Amino acid sequence: MKALVWHGVGDIRLDDVPEPRIESPDDAVIRLTASAICGTDLHFIRGTFSNMRQGTILGHEGVGIVEALGDNVRNFDIGDRVVVCSTISCGYCPPCREGNTAQCDNANPNGPEAGTCFFGGPQATGPVNGLQAEKARIPFASNTLIKVPPEVSDEQAILISDIFPTAWFGAEMAKIDRGDIVTVFGAGPVGQFTVASALLMGASRVIAIDCHEDRLAMARRQGAFTINFEKEDPVATIKKLTGGIGADRAIDAVGVDSQHAHSGPAAAQADKEADKFRQEVAQVAPENAEHQHVDEGNWVPGDAPTQALEWAIASLKKAGTLSIIGVYPPEAETFPVGMAMNKNLTMRMGNCNHHTIIPQLLELVRMGAIDPVEVLTQVEPLSDVISAYEAFDKREPGWIKTELLPQN
């Protein structure tokens, strides 16, 4: 079968690989009818998340049809249409029973202390082969798969595999109260769903910060206020839009590939922090900090890993809340904790508990409360996955979220 395989930083290939098979009584095998490209996948190719294993199939978003079931998988039938939870969970360990399925004790082959196990990730997360393929093995399938209602299309369901629940998780961690002003740093796919989630939870005003006009335009269509950090100082503008107080809640939907301003009033401060940012990039992307694997403008690491965090902390009101859903690798050890501590901020962060959240989002979509397809901008065949990655990586205009259709 065909699958997108990671061979090294800056090196991904559409390869012929063996079809998956049942390896454990808790497994299922599904035929993928849709997968997708996520910003998290780019971290592995840019080198801003290290210790990938050569030969790992990428991708952690999937919708498909069940083709084979292990003996312990008693809640599905062959032929069921399912959405894949991006994080793998057993469903019966203490964290899973508490709803903290991203911290399952049993899913990660590296042991219970290893933390989150997800598809298509680095050594520390398994590794488990991913979903940008024609078929996939699903460990702990009873909890990692969720049936898709007939009223929900594949296009809708693929957006509920990871980015919508991750955004919802971020909004939940922010503890949004009715009337709150919420800032969302990053208007990519997760940022768009974070805007939607915050509004559904009762935020009176959502402010989206990014530098790409097409992404800001999409956020405005949802009703968000927008700030282009290449044209305005985001902290000063947020203060202006909040009566000088600052936001009640801030959500970092960017992560380690954050960028600083290269023009406008915020660029002067970035120049002062240039050495610090270079050290951060060297810390998180040792194989590509000097652009050793950049190819015709692709696979460029973000140039300021803590920039979104700094802006979020500086623009929050005193005793506000910071929620972090942007991905940071264990190697990221720089954090503006002093600024946060002296403002009495509450900080919450982590990987999404997909199994806990996906069922309610499927129901919201089924009943017509929200249509996630508004964020889907491209549908490409798996055979064109490399060119789709290149366009998405460069953030070409109009490339916000891409669905991949396996040709099987």
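The values are calculated or read from the model by the stated rules, or taken from the named source; none is laboratory data. These numbers come from a predicted model, not from an experiment. A quick note on method: Cβ atoms are made from the backbone with ideal geometry, for glycine too, and the neighbour counts reach across all protein chains shown. These area figures cover heavy atoms from the full protein model, side chains too; ligands, DNA and RNA do not enter into them. Shrake-Rupley method; radii C 1.70, N 1.55, O 1.52, S 1.80 Å.
Details
- Residue within the stretch 323-341 that is assigned by the TED database to the domain that holds V235, part of a strand (DSSP E or B) and touching a residue at least 40 places away in the same chain (Cβ under 8 Å) present: yes
- Among the criteria (1) at negative phi; (2) open to solvent by 10 Å² or more (accessible area, probe 1.4 Å), the one G99 does not fulfil is (1).
- Taking the stretch 325-334 as the range and being over 24 Å from G62 (Cα atoms) and open to solvent by less than 70 Å² (accessible area, probe 1.4 Å) as the test, the residues that pass are E331, A332, T334.
Listed here are the residues, each with its yes/no results for (1) closer than 26 Å to D41 by Cα; (2) not assigned by the TED database to the domain that holds Q307; (3) not polar (S, T, N, Q).
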residue: T183; (1), (2), (3): yes, no, no
residue: G186; (1), (2), (3): yes, no, yes
residue: F193; (1), (2), (3): yes, no, yes
residue: A203; (1), (2), (3): no, no, yes
residue: V206; (1), (2), (3): no, no, yes
residue: R215; (1), (2), (3): yes, no, yes
residue: M218; (1), (2), (3): yes, no, yes
residue: A224; (1), (2), (3): no, no, yes
residue: F229; (1), (2), (3): yes, no, yes
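- Every condition in (1) in contact with a His (Cβ under 8 Å, 6 or more places away or on another chain); (2) more than 30 Å from A285 (Cα to Cα) is met by T40 except one, and the failing one is (2).
- Number of the exception - S383 against (1) open to solvent by 60 Å² or more (accessible area, probe 1.4 Å); (2) closer than 28 Å to V235 by Cβ: (2)
- The residue of the stretch 75-93 that is most open to solvent (accessible area, probe 1.4 Å), among those that are among the aliphatic types (A, V, I, L, M) and touching an Asp or Glu at 6+ places or on another chain (Cβ under 8 Å), is I78.
- Apart from one condition, K231 fits all of (1) within 25 Å of V327 (Cα to Cα); (2) in contact (Cβ under 8 Å) with a residue 24 or more places away in the chain; the exception is (1).
- Condition check for P95: over 28 Å from Q378 (Cβ atoms) and not in a loop (DSSP other than H, G, I, E, B): yes
- Candidate set: the stretch 13-40, residues that are open to solvent by 70 Å² or more (accessible area, probe 1.4 Å) and part of a strand (DSSP E or B); chosen: the one nearest to L58 (Cα to Cα): R13
- Selection status of C90, part of a helix (DSSP H, G or I) and more than 28 Å from V284 (Cβ to Cβ): no
- For first residues located in the stretch 283-301 and in the same structural domain as M52 (by the TED database), partners that are surrounded by 16 or more Cβ atoms within 10 Å (Cβ to Cβ) and aliphatic (A, V, I, L, M) and lie 6+ apart or on another chain with Cβ distances below 7 Å do not occur.
- Selection of first residues in the stretch 393-406 that are within 28 Å of M1 (Cβ to Cβ) and open to solvent by 20 Å² or more (accessible area, probe 1.4 Å) and of second residues that are part of a loop (DSSP other than H, G, I, E, B) and of a type in the set (S, T, Y), restricted to Cβ pairs under 7 Å at least 6 apart or on distinct chains, gives the following pairs, ordered by first then second residue: W399/T377.
- Among the residues making up the stretch 197-234, those that are surrounded by 23 or more Cβ atoms within 10 Å (Cβ to Cβ), of a type outside the set (S, T, Y) and in a helix (DSSP H, G or I) are A198, R215, M218, A219, P234.
- Scanning the stretch 354-376 for residues that are touching a strand residue (DSSP E or B) at 6+ places or on another chain (Cβ under 7 Å) and either in a loop (DSSP other than H, G, I, E, B) or open to solvent by 70 Å² or more (accessible area, probe 1.4 Å) (or both) gives a single hit, L376.
Residues checked against (1) free of Cβ contacts under 8 Å to residues at least 24 places away in the same chain; (2) surrounded by 24 or more Cβ atoms within 10 Å (Cβ to Cβ); (3) in a strand (DSSP E or B):
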{"position": "R137", "(1), (2), (3)": "no, no, yes"}
{"position": "S142", "(1), (2), (3)": "no, no, no"}
{"position": "V152", "(1), (2), (3)": "no, no, no"}
{"position": "E155", "(1), (2), (3)": "no, no, no"}
{"position": "I160", "(1), (2), (3)": "no, yes, no"}
{"position": "P165", "(1), (2), (3)": "no, yes, no"}
{"position": "W168", "(1), (2), (3)": "no, yes, no"}
{"position": "A171", "(1), (2), (3)": "no, yes, no"}
{"position": "I176", "(1), (2), (3)": "no, yes, no"}
